[in-house]
Amino acid sequence: MTSEIPASAHLSMQRAAGTVAAARHVCVLTGAGISAESGIPTFRDALTGLWAGFRPEELATLDAFERDPAFVWRWYEWRRELVRQARPNAGHLALAELARRVPRLTLVTQNVDGLHQRAGSVDVIEYHGNILRDRCLAEQIVAERSRDAGGDLPRCASCGGLLRPDVVWFGEMIPAVAMRLADAAAEDCDVFMSVGTSSLVYPAAGLAEIALSRGVAVIEINPNPTELTTHADPVLAGPAGAILPVLLDLIGRN
């Protein structure tokens, strides 16, 4: 695993490990990159195969769902199956272990696959929801499926209303509790880690900006440069599954 990390990067790794080891509160934001390492396509990459040629607005908006819920559900059931088949990777596991080694760690994820929880992370702030949950369109609460409902569309066991995936669609607000908790963590942490995210999607990308504005250490882990790269220090260029286990090992030696 260390072979994936250039020798020139080890000094930055040592510095990052020392910073995290000394932290009081680490806030971690993860994005699609860490899930892609488990074989889950990014949102745009999921528009392939049978779904090639469709625009996100045709599949991931409330308007699209209200026009043709069966069509939207077919795409989400296909994506759910990909998520069910995926397994947490070394990056997910390392973050779960890191939470046991620092006084406080807040994990915020833009991913909707639940892989962090399956890796052992607790109290994960799901910024964009969870694709494996259903939400009642009428009651706007997470709901179980009715076993008696006829037809192809899932119905709420409580009220019989139509269910939708419990994810944030285009044009929708981030859940208020998730946003409040994530903002509070960015305001309180003394180390912020951006892992596998492009730093382009707001408001999640604004969490790093909050940390930067406070002058705290911002560490980026990503294979490619992003909008955050020129502001982060240190920058650890590489996949999360390769970088995080090595970082964890170095933290253990501090």
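The values are calculated or read from the model by the stated rules, or taken from the named source; none is laboratory data. This one's a predicted model, so the numbers in the text were calculated from it and none came from an experiment. In this analysis, Cβ positions are derived from the backbone assuming ideal geometry, glycine residues included, and neighbour counts consider all displayed protein chains.
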Scanning region 155-170 for residues that are under 19 Å from the mean Cα position of the chain (by Cα) and not in a loop (DSSP other than H, G, I, E, B), which turns out nearest to residue 207 (Cα to Cα)?
167
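Conditions (1) surrounded by 21 or more Cβ atoms within 10 Å (Cβ to Cβ); (2) touching a helix residue (DSSP H, G or I) at 6+ places or on another chain (Cβ under 7 Å); (3) farther than 23 Å from residue 81 by Cβ, marked per residue:
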{"site": "106", "(1), (2), (3)": "yes, yes, yes"}
{"site": "115", "(1), (2), (3)": "yes, yes, no"}
{"site": "168", "(1), (2), (3)": "no, no, no"}
{"site": "176", "(1), (2), (3)": "no, no, yes"}
{"site": "181", "(1), (2), (3)": "no, no, yes"}
Of (1) assigned to a loop (DSSP other than H, G, I, E, B); (2) assigned by TED's automatic domain parsing to the domain that holds residue 187; (3) of a type in the set (A, V, I, L, M, F, W, C), residue 93 satisfies all except one. Which?
(1)
Do the conditions hold for residue 140, that is, is it surrounded by fewer than 21 Cβ atoms within 10 Å (Cβ to Cβ) and among the polar types (S, T, N, Q)?
yes
Suppose we filter region 211-224 for residues that are in a helix (DSSP H, G or I), surrounded by fewer than 19 Cβ atoms within 10 Å (Cβ to Cβ) and not polar (S, T, N, Q); how many remain?
1
Any idea which of (1) assigned to a loop (DSSP other than H, G, I, E, B); (2) in contact with a Cys (Cβ under 9 Å, 6 or more places away or on another chain) is the one residue 207 doesn't satisfy?
(1)
Single match in 198, 194 (criterion: surrounded by 17 or more Cβ atoms within 10 Å (Cβ to Cβ), touching a helix residue (DSSP H, G or I) at 6+ places or on another chain (Cβ under 7 Å) and small (Gly, Ala, Ser)):
194
Residue that is in a loop (DSSP other than H, G, I, E, B) and within 22 Å of the chain's Cα centre (by Cα), where the choices are 152, 123, 148
123
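The rows are residues; the columns are (1) of a type outside the set (Asp, Glu); (2) modelled with pLDDT under 95.
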{"position": "103", "(1), (2)": "yes, no"}
{"position": "107", "(1), (2)": "yes, no"}
{"position": "111", "(1), (2)": "yes, no"}
{"position": "118", "(1), (2)": "yes, no"}
{"position": "126", "(1), (2)": "no, no"}
{"position": "138", "(1), (2)": "yes, yes"}
{"position": "149", "(1), (2)": "yes, yes"}
{"position": "168", "(1), (2)": "yes, no"}
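This table checks each residue for (1) farther than 16 Å from residue 247 by Cβ; (2) surrounded by 12 or more Cβ atoms within 10 Å (Cβ to Cβ); (3) acidic (Asp, Glu); (4) at pLDDT 95 or above.
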| residue | (1), (2), (3), (4) |
| --- | --- |
| 19 | no, yes, no, yes |
| 24 | yes, no, no, yes |
| 42 | yes, yes, no, no |
| 53 | yes, no, no, no |
| 57 | yes, yes, yes, no |
| 75 | yes, yes, no, no |
